[in-house]
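The values are calculated or read from the model by the stated rules, or taken from the named source; none is laboratory data. Note that the structure is predicted; figures quoted are calculated from it, not measured. Because the Cβ atoms are built from the backbone with ideal geometry, glycine has one as well, and the counts that use them run over all protein chains shown. With ligands, DNA and RNA removed, areas are computed over all heavy atoms of the protein, side chains included. Shrake-Rupley method; radii C 1.70, N 1.55, O 1.52, S 1.80 Å.
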Amino acid sequence: MRSLSVALLFALLFYQQLILASPEHSIAELPVQPHRQLGLAFPGADPKHYHSLSEIGMGVVRLTVPWHFREPTAGEYVWAPLDARILRLQQLGISPFLTLVPDAPWAIRPNNGKVMNAMPRDLAVWRNFVAALVERYDHDGKADAPGLLTPLHYYQVANEWVSPYNHAGGWAEADEELIELFRITYEAVKSSDAKAKVVLGGIAAGNLDLMVLSEQRADYQIVQRYNATSSLRVGQTEVRQPIFVAGVERMYQILEKAPYDLVDAHLYGQVSRNSVRLATLRAHIAGRGIIASECGGPSLDYQDDYHPADHFRAVFEWNLSALSEGVDFCLWFGLAEGEGASYGNRHVPLLAQDGTPKPGYLAYRLLAYVLKDMAHIEQLAEGRYLVHRHSQPPLFVGWTDQRKPGQPTSAQTMQLSAAEFSGELTVWQVSDASRGNFTVQQQAAETALTLDKLPLIAGKDFIFEGVR
């Protein structure tokens, strides 16, 4: 027993020496604050887990508000569980974003259980509910939730409304009635808080792709896997089928006729499509803004396996891509793996089923640190970005996908612009996706950077206390 203790002591001392000698640093050391453009959709119902979101730099969190929970019978409002979730997020410096679901059985038309979003039998009853909810969270001193710290700014209704077959949202009634639901919701929100922003229900990535293909802005194949062996595939030929034509026409009708302040684009699948998706959407929203209340990868719709490095890199890919396109904020899909995800997105959440942090969890902490003084983001090429900062020189962020066959040598290196980068740069290279480690070195700006499958960050004086 004594020999075992001695052996353990020597092993511990040896391990400590390895740590001291290692040039690697831990992302967990980075000091971060919640960032107003980074966040998460669907954090779960238990507020005790929310502290982890602020610790990795998330500043916006999307909560679903089913009507049937908050008004189980006519005129009987049950706010306490929602209050607890909202107040905990605000205490952590996080802004809640509410997605309302019209689903109270006593107040809706029967919809055969096909979709979550139902048409209220009496829109005045729905209006009263929405107005009461917004009044509770507008922070005007009248009927506010006890302890409310700041007003809520974003409200949404009817998630992923395009299809009558979408069990995660959907709409099974006429387009005119959906427009009326949006109109009543808009008026109810504004009647209680004129400054609040009304967000049109989210549009699924596949539906954005349908718009792109139908307008012939790009030529690619939409893939949605139902399981490992079954999938839906839609290209330029299939998009002309009546079911897809009707879906695109519904999007045009709602985008152009419904009242809203912001539109919500859900971004999954292949990140290279984001630019054309968002450009297509902008052509139909008359200058209004865009958010992405769901995003993330890697997607099993377009690759056969999951790798830790892919998950880490995806946090940078999806957020930087969306923010460089002018999206107001981007919310990652899901905190913990489990029910609710499609087959393709089942590995997107930040925690494994047992609650263990996945690589993207620490990737968010690094990303929040990189973006803390961000003015705007400029995409130079696929996987290469400039983070322009308010008070400091810009940062370069880049990586390369080494799995692509026949990739030229130029895809592995990056020569920075002499106009923006000069002298000696500090270069951070993520070296271990699973453990969240990175190395730090100094390099002359005129020397080409060598890119890897994990993000590299380079800039002048890019350091923090304790890391040199």
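The numbered conditions (1) more than 25 Å from the chain's Cα centre (by Cα); (2) of a type outside the set (Val, Ile, Thr); (3) under 29 Å from SER163 (Cα atoms); (4) modelled with pLDDT of 95 or more are all true for ARG109 except (4). LEU323 falls short of the stated requirement of being open to solvent by 20 Å² or more (accessible area, probe 1.4 Å) and under 27 Å from PRO96 (Cβ atoms). For segment 130-175, give me each residue that is out of contact with any strand residue (DSSP E or B) (no Cβ under 9 Å at 6 or more places or on another chain) and under 14 Å from ALA188 (Cβ atoms). Result: ALA131, ALA132, GLU135, ARG136, ASP138. If you go through segment 288-318 and keep only what is part of a helix (DSSP H, G or I) and either out of contact with any Phe, Trp or Tyr (no Cβ under 8 Å at 6 or more places or on another chain) or over 20 Å from PHE42 (Cα atoms) (or both), you end up with PRO308, ALA309, ASP310, HIS311, PHE312, ARG313, ALA314, GLU317. When the test is whether a residue is closer than 14 Å to GLY247 by Cα and surrounded by fewer than 21 Cβ atoms within 10 Å (Cβ to Cβ), GLU135 does not pass it. Among the candidates LEU350, LEU320, LEU300, the residue that is at negative phi and in contact with a Pro (Cβ under 9 Å, 6 or more places away or on another chain) is uniquely LEU350.
Candidates in segment 359-397 are the residues that are within 17 Å of the chain's Cα centre (by Cα) and of a type in the set (Gly, Ala, Ser); of these, the one that is nearest to PHE462 (Cα to Cα) is ALA368.
For segment 326-343, a residue qualifies if it is open to solvent by 40 Å² or more (accessible area, probe 1.4 Å) and either among the hydrophobic types (A, V, I, L, M, F, W, C) or modelled with pLDDT of 95 or more (or both), and the qualifying residues are GLY326, ASP328, ALA336. One residue alone among GLN216, GLN224 is assigned to a loop (DSSP other than H, G, I, E, B) and either open to solvent by 50 Å² or more (accessible area, probe 1.4 Å) or farther than 30 Å from ILE94 by Cα (or both), and that residue is GLN216. Taking the numbered list (1) open to solvent by less than 10 Å² (accessible area, probe 1.4 Å); (2) within 27 Å of TRP161 (Cα to Cα); (3) within 17 Å of the chain's Cα centre (by Cα) in turn, PHE42 passes all entries but (1). With respect to the conditions (1) out of contact with any His (no Cβ under 9 Å at 6 or more places or on another chain); (2) within 27 Å of LEU386 (Cα to Cα); (3) touching a residue at least 60 places away in the same chain (Cβ under 8 Å), VAL271 lacks only one, and its number is (3). Within segment 56-98, the set of residues being part of a loop (DSSP other than H, G, I, E, B) and either surrounded by fewer than 21 Cβ atoms within 10 Å (Cβ to Cβ) or modelled with pLDDT under 95 (or both) comprises PRO72, ALA74, GLY75, TYR77, VAL78, TRP79, LEU92, GLY93.
Candidates in segment 344-367 are the residues that are in contact with a Ser or Thr (Cβ under 9 Å, 6 or more places away or on another chain) and in a loop (DSSP other than H, G, I, E, B); of these, the one that is most open to solvent (accessible area, probe 1.4 Å) is HIS347.
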